[in-house]
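Computed from the coordinates by the stated procedures, all read-outs in this text should not be read as laboratory data. Since this is a predicted model, take the numbers as computed values, not measurements. Counting neighbours? That spans all protein chains shown, and the Cβs are built from the backbone with ideal geometry, glycine included.
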C-alpha cells in the first residue's frame with residue numbers, strides 16, 4: 001500500500017521541484033574524476049551541483065550570523081525562498 005507523500009514531514013514542509021534526469025547529471029558531471037577519492041575538482045563539482053539543484057539562483061552570500069538558534073523558524077523561512085531551477089531539465 002503506498003504511503004501518501006504528505007504523510008512525511010520533509011515533503012510537507014518543502015516545495016517540490018521537478019527532478020533532473022540521469023542524462024542531465026551525466027552531462028553536468030562530465031569530465032569529473034570520481035575514480036579515486038579526493039581527486040575531484042570540487043569547484044567544478046559544486047558549480048554543477050548548484051546549477052542542477054538551484055538553477056539560475058545566485059549562491060547566497062555568507063554573512064557570519066549565528067544560525068544555531070531558533071532553527072525551526074529559520075529553516076521554514078529559508079525553505080520558502082528556494083526557487084525551483086529555471087533551466088530545462
Original post:
Could you give the nm distance between label points at residue 35 and residue 59, where each point is 7 Å from its Cα heading toward the beta carbon?
Top reply: 2.7 nm
Original post:
Semi-axes of the equivalent ellipsoid of the stretch 20-80: what are they in whole Å, largest first, if each equals the square root of 5 times a C-alpha gyration tensor eigenvalue?
Top reply: 29, 16, 11
**OP:** Could you check the simple spin-label distance between residue 24 and residue 74, using points 7 Å along Cα→Cβ, in nm with one decimal?
**Re:** 2.9 nm
